[in-house]
1. Given Cα pairs under 8 Å that are at least 6 residues apart, what percent is the relative contact order of segment 15-448?
2. Taking the Cα centre of segment 123-247 as the origin, how large is its charge dipole in debye, to the nearest 20, when only Lys and Arg (+1) and Asp and Glu (-1) carry charge on their Cβ atoms?
3. Of 88/407; 15/345; 75/340, which pairs sit farther than 19 Å apart, going by alpha carbon to alpha carbon?
4. For segment 102-183, count the residues as N, evaluate 2.2 N^0.38 Å, and divide the Cα radius of gyration by that value, please.
5. Could you name the aspartates and glutamates in cross-link range of residue 121, using Cα to Cα under 17 Å and dropping any fewer than eight places away on the same chain?
6. Whole number in Å², please: accessible area per residue of segment 15-448, 1.4 Å probe, ligands, DNA and RNA not counted.
7. With all protein chains present, how much of the accessible area of segment 15-448 (probe radius 1.4 Å) comes from carbon and sulfur, to the nearest whole percent?
8. Please list, in order along segment 258-271, the HN-Hα scalar couplings obtained from phi with the Karplus expression 6.51 cos²θ - 1.76 cosθ + 1.60 (θ = phi - 60°), rounded to whole Hz, x for Gly and Pro.
Amino acid sequence: MNTSTPSGRDGFSTKFGIICAAAGSAIGLGNIWRFPYMAGEHGGGAFLMFYLIIILVLGIPIMLSEFIIGRRGQKNTFGTFRILAPGKAWWIIGVMGIVAAFVILAFYTTIAGWTLAYISKSVGNAFQGSSPEGISMIFDEFHKGTFWPLLWQFLFMLITVLIVFAGVKKGIEKYNKVLMPVLALLLVIIAIRSVTLPGSGAGLRFLFFPDFSQINARVIYAALGQAFFSLSVGMGAMITYGSYIGKKNNLASIATQVPLADTVIATLAGVAIFPAVFAFGLNPDAGPGLVFHVLPQVFLQMPGGYFISILFFILLAIAALTSAISILEVVVAFLMEEFKLSRVKSTIMASVSALFVGVFSTLSFGVLSHLAIGNLNFFGFLDFTASKVMLPLGGLLIVIFLGWVMKASEVKDELSNGGVLKVRLFNAFLFIIRFIAPVAISIIFLNSVGIL
Ligand code: PHE
């Protein structure tokens, strides 16, 4: 099937390829590393409940909006707004998205580097015979270091860059197709071991039974940030990918399948982690190190755990890679199209500058831990700025743009592929985009800053 984009730009070749690439962007460290530790810090079940509601009511419509904007404008996240709203300042959304991409890439590569390090530790059987405390000590020693965390971070960025060099069709699409399903399967296997550990029931209760006394503005705000981060929405990653989607593909179906896959993986990660956390008597609110504390211990208790551990961290690194590619692509598409730079030059410029900031992120767990901003280290500050400020703000502006700036007829035209497809629930979609989403995001946002 030839679905190359009308503007002659590089694009995805098949529907399955598109879904894999978009799911590859969405599924990443956000699901397996960030979701469990956020849920752990925010009361478990209460967090999950709001997370699911937000994915359904805000996440899916915003992802769809991004696809519509990207495919309509046929450009990077900055250029697309200049095409769709000429002479207006809406391109600011694009600029914000590009800044957000830098911020996310900087701290994302820190954690992705940790996963590479854990491949190597798994191969070297570093956890053999360790108690839970021992495993925590291995993590502490490693992530507070200087040389190794930086080396792994650089290596991860290098691999990302090499794939982005290759371009959309050859690079991005190819790798996603096979690997995401394998990751899901492996998570199921790990989850089965986790829930069969003695004492694991408390973990399932923690994750699935909301403790209503835990619900507050902080929890809802964290769930909002996590949902946007996990779906890769709010900064134009899906606008950029949307611009590569062929005119014959059904945007609405992609924008429901991808969040569904993303949410299944996050929930599976929760089921793999929390039962084990409770079975081993660990703390669910251990922060960014949670999965690195818990999972090696689960692997020690599994037959074949040595290989499962290696395979798991390889797949996690690949999941991180397919997400990092989409983040980098936001900046690369922008530099290529707006400054007429080559793909190679754009990729090098973007990655080197993100890595520069990224070094500070990585070292903020160790030698630079005194560089605190409020009660956050530099890594935490970057994560906060991106997930809790830039993505929700970007998402807010994106729905306002789609709902109030673009014409409803134009939106419908794009959704129906020029009248070919039947568009179901169009009015409901428009109502959410025009009213529910902007109001909900604003309320959650303002509430958390303590203004309301
Ligand atoms: N969604 C990715 C993850 O879950 C991270 C990401 C955020 C990617 C924003 C692109 C844009 O790991």
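The values are calculated or read from the model by the stated rules, or taken from the named source; none is laboratory data. These figures come from a predicted structure and were not determined experimentally. Don't worry about glycine lacking a Cβ; one is built from the backbone with ideal geometry, like all the others, and counts go over all protein chains shown. Just the protein is used for accessible areas: all its heavy atoms, side chains included, with ligands, DNA and RNA removed. Shrake-Rupley method; radii C 1.70, N 1.55, O 1.52, S 1.80 Å.
1. Numbers: 709 pairs, mean separation 152.8, N = 434.
Relative contact order of segment 15-448: 35 percent.
2. The calculation lands at about 580 debye.
3. Check vs 19 Å cut-off fails for 15/345.
4. Ratio of Cα Rg to 2.2 N^0.38 Å: 1.31.
5. Output for residue 121: 133, 140, 141.
6. For segment 15-448, the per-residue accessible area is 36 Å².
7. Carbon and sulfur atoms account for 70 percent of the accessible area of segment 15-448.
8. 5, x, 4, 4, 4, 6, 4, 5, 4, 5, 4, 4, x, 6
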